[in-house]
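Q: Submitted below is the structure of interest, expressed as structure tokens.
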Amino acid sequence: MTNLKIALAFVAASATLVACNPTTKNTDGETQDTTALADSVGSIAVNPLAHAKEFPGATLEIASITAEKVGTDSAKVTVKYNVSNFELTAQTEHDHHMANSHDGQHIHFILDNEPYAALYKPEHSVTVALNSEHYLMSFLSRSFHESIKTNDASKLVKFKVTADAKIEELPDSGQAALFYSRPKGEYKGEDTKSLLLDFFIVNGSLGADGNKVKADINGQEFLLDQWVPYEVLNLPMGESTFKLTLVDKDGNAVTGDNVSVERKITLSAE
């Protein structure tokens with residue numbers, strides 16, 4: 001094979017690389033050295049990253065979930081949290097060049113796998129329909145939106161709001177699930193150069209011989225077998241579509257609730 005053919009073959013392979021590094025730990029949010037996916041030929045690249053500052057002992061607890069009737073068919077649901085060994089609104093020490101919240105560290109409040117609300121105080125209210133069921137995923141987040149990937153720093157609750165605006169907690173199915181976090185919304189200027197791809201896995205793990213996350217970004221697919229943060233490079237200006245799907249070791253979509261999520265984001269030069 002000529003040198004030119006070898007070079008072309010390498011470029012083609014680089015464009016379809018998947019994020020696989022079985023030596024990286026993911027059970028407690030710890031990572032070893034990771035091998036980045038090659039940033040080649042200007043195509044979208046997804047690179048695994050080491051976690052930023054760790055927070056040993058950080059704990060998030062749900063103190064209460066209450067509801068009150070609003071009008072004839074809705075309820076205002078209020079969730080209150082207890083946070084330990086983690087300072088809300090503090091800035092996280094990090095060297096990642098990604099969008100960062102000027103308001104500091106916070107809680108990601110994800111209801112029914114919709115875009116999260118960033119909570120800088122340990123309380124939040126939403127209005128939902130009476131007689132409806134919901135999943136609430138909550139976790140502590142660094143100031144640049146990277147989740148703390150431990151059981152103690154996160155809580156998943158399934159609950160029902162009854163017809164008379166009472167909260168009824170429902171049992172967890174125990175099935176593996178995927179909750180989308182980042183990227184989100186609109187990015188401008190310098191923030192468009194490197195975007196955080198981050199998600200939360202519950203009731204399971206990822207691995208070279210186990211479940212993976214298939215990330216479809218504008219039609220380009222990546223298989224992610226590490227539960228770590230990722231950086232996304234070379235996204236075009238304008239609208240981009242991210243679809244994350246939990247798949248099994250054979251690449252088949254996992255069945256159940258909260259196993260596939262799609263988002264649209266926007267990048268602009270200014």
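Q: Of the residues in the stretch 185-211, how many are among the basic types (Lys, Arg) and not in a loop (DSSP other than H, G, I, E, B)?
A: The total comes to 1.
Q: Looking at (1) open to solvent by 50 Å² or more (accessible area, probe 1.4 Å); (2) touching a residue at least 24 places away in the same chain (Cβ under 8 Å), which is the only condition Leu49 fails?
A: Result: Leu49 passes all but (1).
Q: If a residue has to be under 20 Å from Lys184 (Cβ atoms) and either over 15 Å from the mean Cα position of the chain (by Cα) or among the polar types (S, T, N, Q) (or both) to count, how many in the stretch 136-167 make the cut?
A: 5
Q: Which of the residues that make up the stretch 211-229 are open to solvent by 10 Å² or more (accessible area, probe 1.4 Å) and acidic (Asp, Glu)?
A: Within the stretch 211-229, Asp216, Glu221 qualify.
Q: Evaluate the following for Ala176: is it in contact (Cβ under 8 Å) with a residue 40 or more places away in the chain and in contact with a strand residue (DSSP E or B) (Cβ under 8 Å, 6 or more places away or on another chain)?
A: Criteria met by Ala176.
Q: Still on this structure: Taking the stretch 113-146, which residues are closer than 25 Å to Pro48 by Cβ and in contact (Cβ under 8 Å) with a residue 60 or more places away in the chain?
A: Asn113, Pro115, Tyr116, Met137, Ser138, Phe139, Leu140, Arg142, Phe144, Glu146
Q: In the stretch 64-94, what residues are without any contact (Cβ under 8 Å) to a residue 40 or more places away in the chain and surrounded by fewer than 17 Cβ atoms within 10 Å (Cβ to Cβ)?
A: Ser64, Gly71, Thr72, Ser84, Asn85, Glu87, Thr89
Q: Of all residues in the stretch 63-98, which are in contact with a Lys or Arg (Cβ under 9 Å, 6 or more places away or on another chain) and either of a type in the set (Gly, Ala, Ser) or not in a loop (DSSP other than H, G, I, E, B) (or both)?
A: Ala63, Ser64, Ile65, Thr66, Ala67, Glu68, Lys69, Val70, Ala75, Lys76, Tyr81
Q: What is the residue count in the stretch 230-266 for residues that are over 21 Å from Ser205 (Cα atoms), of a type outside the set (Val, Ile, Thr) and open to solvent by 20 Å² or more (accessible area, probe 1.4 Å)?
A: Result for the stretch 230-266: 8.
The values are calculated or read from the model by the stated rules, or taken from the named source; none is laboratory data. Since the structure is predicted, the reported quantities are computational estimates derived from the model, not experimental observations. Every residue, glycine as well, gets a Cβ built from its backbone with ideal geometry; the counts of neighbours run over all protein chains shown. These accessible areas exclude ligands, DNA and RNA; they are computed on the full protein's heavy atoms, side chains included. Shrake-Rupley method; radii C 1.70, N 1.55, O 1.52, S 1.80 Å.
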